[in-house]
Amino acid sequence: MKTAEEIFNKLKEKFGSSIIELKTDKPLEPFILVNRLEVDKICLFLRDERDLLFDSLMNLSGVDDANGEKIKDETGLETINGGTLSVYYHLESTNLRHKLTLKTSTEREKPEVVTVTEIWKGANWHEREAYDMYGVVFLNHPDLRRILMPYDWEFGYPLRKDYKNPEFYQGMKVPY
Amino acid sequence: MALKTEEMVLNMGPQHPSTHGVLRLELQLDGEIIIDVVPHIGYLHRCFEKHCEAMTYPQVIPYTDRMDYLASMYNEFGYAVAMERLLKIEVPERVEYIRVIMGELQRIASHLVALGTYGADIGAFTPFLFCFRDRERILHLFEITCGARLLYNYIWIGGLSHDLHPDFIRLTKEFIKDFRPNLKELNDLLSFNQIFIERTANVGVLPLETAINYGVSGPNLRGSGFKWDLRKDDPYSVYNKFDYDIPIGTGEKGKVGDCWDRYFVRVKEMEESLKIVEQAIDTIPDGDVTSAIPKRIKPPEGQIYTRVENPRGELGYFIISDGSLNPARVKVRAPSFVTMQVFSELCKGWMVADVVAILGSVDIVLGEIDR
Amino acid sequence: MGLLDQEFTEGNIVIAKTEDLFNWARLSSLWQVGFGLACCAIEMMATSASHYDFDRFGVIPRPSPRQSDVIIISGTVTFKMAIRIKRLYEQMPDPKYVISMGSCSNCGGPYWEHGYHVLKGVDRVIPVDVYVPGCPPRPEALLEGLLKLQEKIRHESIVKKSA
């Protein structure tokens, strides 16, 4: 069983600049902030290292941080410019019984994160859902397309904070 | 001279009697043998996560009910445990005992539906009626407590909405006494039936390494022989006060991890849940169930990931709070979502009729997959 | 209905209007398409189980829409599914009836406000005959919905076409 600080120190001495910081200031779960283009190398190390053995990805979720500047245009619609979208990874080891949380951030205009599908095959659909709901593009993903919305939904990414509903979809009225 | 063959694409569409909901399976076939299965989901996507960002924290609970509609008490239980850890409040012990009783009764009811519909898919119609008969007894118990049969809104953050009905304990004890011989009857009728064994043993084997790599949990993982149960390995509520066992698949009728193993793990789990309910009913402490419910819920800034053991596997809630009355993000990690990914690996090389057998044994609920 | 409750002592000849006979035949054996979408589908399954029997009204689930008379839309209708529901409805032969069960298919249900993928009421794509309210409706409520549909069929006319 290792704590978050011990894992952070171990990762820092191996990867150096890709590991950005360990955040424990907010209450409850500490998480480690990592570089978005190095996530696959870090996760491969986390999975195969003898005293870490993170063999199970519990959860992968996209989050809209909504920390850009909010602009109201003439129709009263609020859009967000700048700011970040984040992806959180929750890892677990079934042998050694410890857990870890990782976070990467990417810019809102062109969000790109490396995929971890080769490491844990279960990440495939989680990443497709993050793409469907937020628009985060996962580089080297085997099959990145929409999963929950219809395949021809072209009105944006629904879970972003500045999403607006279309009026009609294929002849059916969308609002109430 | 060799015959020229061609692959065929067959559609098991969203409307199908055996697909347990609105699921579309695209089967690529070589004659009768399956080469690949591509599941298409999203036909029941009800925008749960968008609603959570617009509601206050207690208003989210009726929406969590409707995700996995066969195990509603457990969805509420998971959300309440996550919020109580975020807010750091202690609930009275009576509340914990009642939550465990309701959760385990709900587990029995959910497994009864799973087994009944599995029998109906294979072709045995009578166990469906027997399972629903027993399920009506449990739904009657829920109805006298909180007024609803299927979607309860009963477990609130910090407590419960109503205390137990005065007749509840007597009726539960009667139910336990009547249910044990019914379990034996179900076993004689379906589990050890030669036709059922021929259709499900050695079919759709899930190897343990693949299961852990994909993140499969619950009875599907235990059917492959791995003893992993969140009630014992990552305990929450008062589960550590009861004495119960974790059944795993042993390859009794075929290989370890086949459909029969996953089915029989569920039958054995019903027996274990019955033991937990018996122990909890005898030792319920007194107290007030609504005393710890806070008036306004405004958690500190931060995030938390909590998981509970749904009848289908590991149900996880990832809640991010930004200090206001509404959550900033609620993400639900549904066990059936993960199981559906592994489904195409399970089906390769089997025949079309086996797809129905494998789909019934992994026990998915579409409301949970699509949220 | 009364036709078979009487005793036939003067030879086995029954005199009735053709309309009454056809309507009685149609309402006594409404075969439904096995179509369950979400939580209301579980209550529909419970209605066809042994406690609240559906079969005593003549209602049997059929797997194919081409062999059935009534479709019970039980559960939330999303945009992805609505296109397929229209196709299923067009595949059913006349005379066909639709029961909309539950709050989600009546008007969008609890998802009316922020549901970007929910169709606010199935009557935006197909014509509905009976609405059964509830979330989910009790099995007794669904049985009353069925009886109301039977009332409606009893007063149908085979000469004047309905909507």
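The values are calculated or read from the model by the stated rules, or taken from the named source; none is laboratory data. Keep in mind that what you see is a predicted model, and the values were worked out from it rather than measured. Don't worry about glycine lacking a Cβ; one is built from the backbone with ideal geometry, like all the others, and counts go over all protein chains shown.
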Residue pairs qualifying under the 8 Å Cβ cut-off, at least six apart or on distinct chains, with the first in the stretch B:321-349 being away from chain A (no Cβ under 11 Å) and touching a residue at least 24 places away in the same chain (Cβ under 8 Å) and the second being among the aromatic types (Phe, Trp, Tyr) and part of a loop (DSSP other than H, G, I, E, B), are B:LEU325/B:TYR57; B:ASN326/B:TYR57; B:PRO327/B:TYR57
Any chance you could count how many residues in the stretch B:109-128 are within 16 Å of B:ASN182 (Cα to Cα) and without any contact (Cβ under 8 Å) to a residue 12 or more places away in the chain? 0
Residues of the stretch B:208-244 being charged (D, E, K, R), part of a loop (DSSP other than H, G, I, E, B) and within 18 Å of the chain's Cα centre (by Cα), which ones? B:LYS227, B:ASP229, B:ASP234
Can you name every one of the helices (runs of 4 or more DSSP H) wholly within the stretch C:76-154 that holds 2 or more residues which are closer than 21 Å to B:GLU368 by Cβ, aliphatic (A, V, I, L, M) and facing another protein chain (nearest Cβ under 10 Å)? none
Single condition B:GLY31 does not satisfy, out of (1) small (Gly, Ala, Ser); (2) more than 10 Å from every other protein chain (Cβ to nearest Cβ); (3) free of Cβ contacts under 8 Å to residues at least 24 places away in the same chain: (3)
Restricting the stretch B:219-253 to residues that are small (Gly, Ala, Ser) and within 14 Å of another protein chain (Cβ to nearest Cβ), which is surrounded by the most Cβ atoms within 10 Å (Cβ to Cβ)? B:SER224
Selected residue (only one of B:ARG307, B:ARG312 is under 23 Å from B:TYR69 (Cα atoms), within 11 Å of another protein chain (Cβ to nearest Cβ) and crowded, with 22+ Cβ neighbours inside 10 Å): B:ARG307
Here is a list: A:MET58, A:MET1. Which entry is at pLDDT 85 or above and not aromatic (Phe, Trp, Tyr)? A:MET58
Residues satisfying the stated conditions in the stretch C:46-74, i.e. closer than 22 Å to C:GLY102 by Cβ, of a type outside the set (Val, Ile, Thr) and under 14 Å from the mean Cα position of the chain (by Cα): C:SER48, C:PHE54, C:ASP55, C:PHE57, C:PRO61, C:ARG62, C:PRO65, C:SER68, C:ASP69, C:SER74
Can you say whether B:ARG149 is within 10 Å of another protein chain (Cβ to nearest Cβ), assigned to a loop (DSSP other than H, G, I, E, B) and at negative phi, as far as the supplied structure shows? yes
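Residue by residue, here is whether (1) aliphatic (A, V, I, L, M); (2) buried (at least 19 other Cβ atoms within 10 Å of the Cβ); (3) within 12 Å of chain B (Cβ to nearest Cβ); (4) in a loop (DSSP other than H, G, I, E, B) holds:
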site	(1), (2), (3), (4)
A:ASP132	no, yes, yes, no
A:ARG145	no, no, yes, yes
A:PRO158	no, yes, yes, yes
A:ASP162	no, no, no, yes
Identify, please: which residue in the stretch B:179-212 is surrounded by fewer than 11 Cβ atoms within 10 Å (Cβ to Cβ) and among the acidic types (Asp, Glu) and is, among those, nearest to B:GLY116 (Cα to Cα)? B:ASP188
In this structure, does B:GLU76 turn out to be over 18 Å from B:VAL365 (Cβ atoms) and either away from chain C (no Cβ under 14 Å) or in a helix (DSSP H, G or I) (or both)? no
Conditions (1) touching a Pro at 6+ places or on another chain (Cβ under 9 Å); (2) over 26 Å from C:SER103 (Cα atoms); (3) touching a residue at least 24 places away in the same chain (Cβ under 8 Å); number of the one not met by B:ASP68: (2)
